[in-house]
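The values are calculated or read from the model by the stated rules, or taken from the named source; none is laboratory data. Source: prediction; values computed, not measured. We place every Cβ from the backbone using ideal geometry, glycine too, and count neighbours over all the protein chains shown.
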Amino acid sequence: MTANAFTEIALIVLAAAAVGALGTWLRQPLIVSFIAVGILVGPAGVGLVTQHEQIELLASIGISLLLFVVGLKLDVHTIRTLGPVSLATGIGQIVFTSVIGFVIAAALGMDGLTATYVAVALTFSSTIIIVKLLSDKREIDALHGRIAVGFLIVQDLAVILAMIGITAIGGERTEGQSLAAHAALILAKGLGFLAIVAALAIKVLPRAATHLARTPELLVLSGIAWAVVLAAAGDRLGLSKEVGAFLAGASLASTSYREAIASRLVTVRDFLLLFFFIDLGARLDLSLLGATLGAALILSLFVLIGNPLIVMAIMGVMGYRKRTGFLAGLTVAQISEFSLILGALGVSVGHLGGEAMGLITTVGLITIALSTYMIIHSGRLYAWVGPWLSIFERRTPYREATEDSASLPAADVIVLGLGRYGGGIVRHLLLRHRRVMGVDFDPEALARWRAEGVPVLYGDASDPELVEYLPLNEVSWIVSTAPDIETSRVLLHHLRHQGYRGKVAVACRTAEDGDTLRLEGAAVLLRPYADAAEQAADAITTAADRLGPLATAAPGLREVRLASTSPWAGQRIADVPLRESFGATVLAVSRGGRSAFNPGPYFQLFPGDRLILSGNPDALDKAIEYLMRTDHPSQAEPAEDFTVQEVHVASMAGWAGRTLAALQLPARFDVTVIGIATAHDRLVAPDPHRPLSENDRLILAGTPQNLRRAHEAEVTPSRDARHEG
């Protein structure tokens with residue numbers, strides 16, 4: 001490569017980085033940015049590209065690695081477990097899109113061969129883009145995400161077969177050789193090539209991969225070498241480089257190292273694919289754009305609207321809800337990088353001209369750009385069009401039918417999202433004797449919790465119809481672990497519309513999101529990472545400094561940590577018979593790094609608490625052994641809820657004009673005054689010697705039973721209190 005070529009490619013890469021950064025800011029896939037770079041540096045732009053051969057070489061290696069990575073993901077187990085819905089939806093969408101696309105293309109005046117290429121190109125969707133978008137939205141494990149990935153794999157298999165067919169039809173033939181004879185020869189070569197690769201995959205490659213895996217860098221290098229060698233072999237046999245590279249990946253797909261190879265190749269693949277899309281954009285003749293723009297817009301509308309409708313119709317017939325069909329259908333609202341590769345292959349064998357390739361590329365730019373925003377804002381889009389989609393849903397969508405909400409057991413708390421964070425919340429709520437119901441869109445998560453006896457419901461917090469299925473009658477809390485602010489706002493809006501009067505806790509990413517959600521009605525904001533980081537810092541700087549030396553200061557002090565399955569989690573200290581049975585006293589409790597010294601009898605213990613016990617050294621060992629038991633004591637009663645209540649002084653007979661010291665609320669009712677709201681809505685700290693006004697409102701804390709006793713009791717202060725002041 002000459003210095004001039006090196007400089008040219010360096011400038012192209014620099015332009016790709018700049019335009020790619022702009023595209024990322026616009027939330028566009030890099031494919032769109034790279035094609036735009038090709039147009040910019042090509043003859044239609046600044047005319048920078050002159051070294052076409054070098055760029056084509058890098059592009060060919062990039063395409064080979066792309067097909068290699070696709071092959072790596074197609075192990076036998078994946079194909080066997082695609083499921084009928086993925087297979088039926090994938091094949092049905094390919095057939096219907098091809099047929100309708102051919103009719104549209106023919107109506108636009110294209111000849112039969114060109115119309116066939118265009119129709120087939122419209123059927124394929126980008127696995128790379130869809131998986132990235134679904135992963136970013138945390139929907140890859142949702143029902144619609146699983147179905148979409150399944151039929152995208154079916155599309156990938158179909159495009160390989162299409163490439164083989166194009167090669168068989170369009171490859172070079174010897175003089176006098178008929179098309180049938182040529183196709184038969186290609187088929188024979190293909191079967192022989194496949195047999196050799198299959199034999200190597202069974203007998204040689206697993207052992208070789210195990211040996212190479214001792215050095216990860218060598219494993220990846222060997223994977224690249226295997227991909228390009230089989231791509232070259234496929235090209236020499238007349239099967240195309242793409243087919244050879246795909247078989248190279250498929251031959252390693254059943255090894256335990258496929259994920260390691262694929263993950264390390266992603267960056268190299270994307271970098272080399274840059275040159276394919278740049279070369280594609282550089283060869284795009286913008287002078288033909290005006291002639292094909294009308295056809296491109298018509299075909300783009302078909303892809304953006306028609307493809308999702310086809311998927312929705314198929315999934316509706318198969319018994320899925322309209323929302324699941326809609327979200328899965330959006331994933332086929334664009335054409336794929338494979339569509340462009342297929343078109344380029346058609347150009348190379350002489351089936352397509354530059355105008356047809358430009359048409360396919362324009363459709364790709366339009367559909368990829370617009371469908372990205374459609375998928376990102378799928379929830380809001382469904383809220384707009386959902387009422388008109390009932391035609392795509394059976395009267396009983398049996399595939400997603402769950403127990404009727406009226407037959408579900410009553411719950412105190414409903415947790416939306418059963419991932420690692422939400423599942424942890426469920427487990428700790430169960431330890432605190434709360435009745436919990438879980439909601440998630442991951443069928444595997446639902447199956448796990450159902451096996452543990454937890455009532456579950458399939459659903460998505462962003463689904464506006466979910467609230468209608470929730471048994472809200474006795475629910476006091478709804479917890480959403482989805483950190484997306486739009487999902488939380490939709491949930492809060494529909495809960496209000498449904499008349500839900502309980503409280504809602506939602507996860508949020510930023511303080512600004514938290515302020516917005518507070519105004520929308522969220523009672524508690526969950527900050528998973530921030531809260532965990534704060535507690536970790538507290539545990540390092542506070543509890544370790546105080547309780548560590550304390551627990552080893554004297555023989556009569558010992559430390560014990562309550563496990564997550566401790567029978568005393570959720571109990572009050574008074575319920576734990578440490579003093580009666582062992583003569584032990586809880587001297588301090590550390591929770592999340594914050595230490596409570598000399599906690600009272602009504603202090604509630606949580607899983608993970610660190611207790612400092614004082615007492616006779618011999619008895620402390622038995623006390624610790626007792627605390628670490630796993631069987632729940634029958635005599636222990638569940639701890640009563642702690643709550644906060646606002647009380648108007650005017651509604652309490654005999655309270656106005658008296659002081660808190662005279663009322664003796666802590667001593668008489670075990671109720672604490674934590675604040676006083678004055679007539680001017682100003683919250684002040686309680687002053688025990690300040691006479692209460694009728695306009696004051698007391699903020700009281702205690703158990704519901706004690707608060708009720710304080711509210712109902714007649715105030716009869718002691719003689720000392722009467723003569724106070």
For Ile55: the one exception among (1) at pLDDT below 80; (2) in a helix (DSSP H, G or I):
(1)
Where Val204 falls short, out of the listed (1) without any contact (Cβ under 8 Å) to a residue 24 or more places away in the chain; (2) among the hydrophobic types (A, V, I, L, M, F, W, C); (3) closer than 16 Å to Phe68 by Cβ:
(3)
Among Ala44, Ala21, which is within 35 Å of the chain's Cα centre (by Cα) and at negative phi?
Ala21
List the number of the failed condition for Ala636; all other conditions in (1) at pLDDT 65 or above; (2) surrounded by 15 or more Cβ atoms within 10 Å (Cβ to Cβ); (3) out of contact with any Phe, Trp or Tyr (no Cβ under 7 Å at 6 or more places or on another chain); (4) not aromatic (Phe, Trp, Tyr) hold.
(1)
Which pairs turn up if I take residues in region 563-585 that are closer than 15 Å to Arg432 by Cα and look for partners that are loosely packed, with under 15 Cβ neighbours inside 10 Å and basic (Lys, Arg) with beta carbon separation below 7 Å, at least 6 apart in sequence or on another chain?
Pro567/Arg629
Failed item in (1) surrounded by fewer than 16 Cβ atoms within 10 Å (Cβ to Cβ); (2) outside any helix (DSSP H, G or I); (3) of a type outside the set (D, E, K, R), with Leu87 passing the rest
(2)
With modelled with pLDDT under 90, out of contact with any helix residue (DSSP H, G or I) (no Cβ under 9 Å at 6 or more places or on another chain) and farther than 30 Å from Ala18 by Cα as the only criterion, which of Gly294, Gly325, Gly319, Gly290 stands out?
Gly294
Give me the residue from region 677-698 that is at pLDDT 80 or above and among the aliphatic types (A, V, I, L, M) and, out of that set, farthest from the chain's Cα centre (by Cα).
Leu692
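Restricting attention to region 297-311, does a residue exist that is modelled with pLDDT of 85 or more, in the same structural domain as Glu242 (by TED's automatic domain parsing) and aromatic (Phe, Trp, Tyr)?
From region 297-311, those modelled with pLDDT of 85 or more are 297-311; that's our starting set.
Subset that is in the same structural domain as Glu242 (by TED's automatic domain parsing): 297-311.
Restricting the remaining residues to those that are aromatic (Phe, Trp, Tyr) gives 302.
Yes.
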For region 562-585, state whether one or more residues are surrounded by 15 or more Cβ atoms within 10 Å (Cβ to Cβ), part of a helix (DSSP H, G or I), modelled with pLDDT of 75 or more and of a type in the set (Val, Ile, Thr).
yes
Residues of region 640-676 being touching a Ser or Thr at 6+ places or on another chain (Cβ under 8 Å) and either at pLDDT below 75 or of a type in the set (Ser, Thr, Tyr) (or both), in sequence order, are Glu640, Asp641, Phe642, Thr643
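State all residues of region 105-121 that are of a type in the set (A, V, I, L, M, F, W, C), surrounded by 20 or more Cβ atoms within 10 Å (Cβ to Cβ) and assigned to a helix (DSSP H, G or I); if no residue qualifies, say none. Walk me through how you get there before you give the answer.
Going through region 105-121, the residues of a type in the set (A, V, I, L, M, F, W, C) turn out to be 105-108, 110, 113, 115, 118-121.
Next cut, surrounded by 20 or more Cβ atoms within 10 Å (Cβ to Cβ) only: 105, 110, 115, 118-121.
Within region 105-121, Ala105, Ala115, Val118, Ala119, Val120, Ala121 meet the criteria.
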Is it true that Leu26 is more than 19 Å from Gly62 (Cβ to Cβ), assigned by TED's automatic domain parsing to the domain that holds Val363 and under 29 Å from the mean Cα position of the chain (by Cα)?
yes
Take the residues of region 223-254 that are farther than 21 Å from Leu187 by Cα and over 33 Å from the mean Cα position of the chain (by Cα): which is surrounded by the fewest Cβ atoms within 10 Å (Cβ to Cβ)?
Ala225
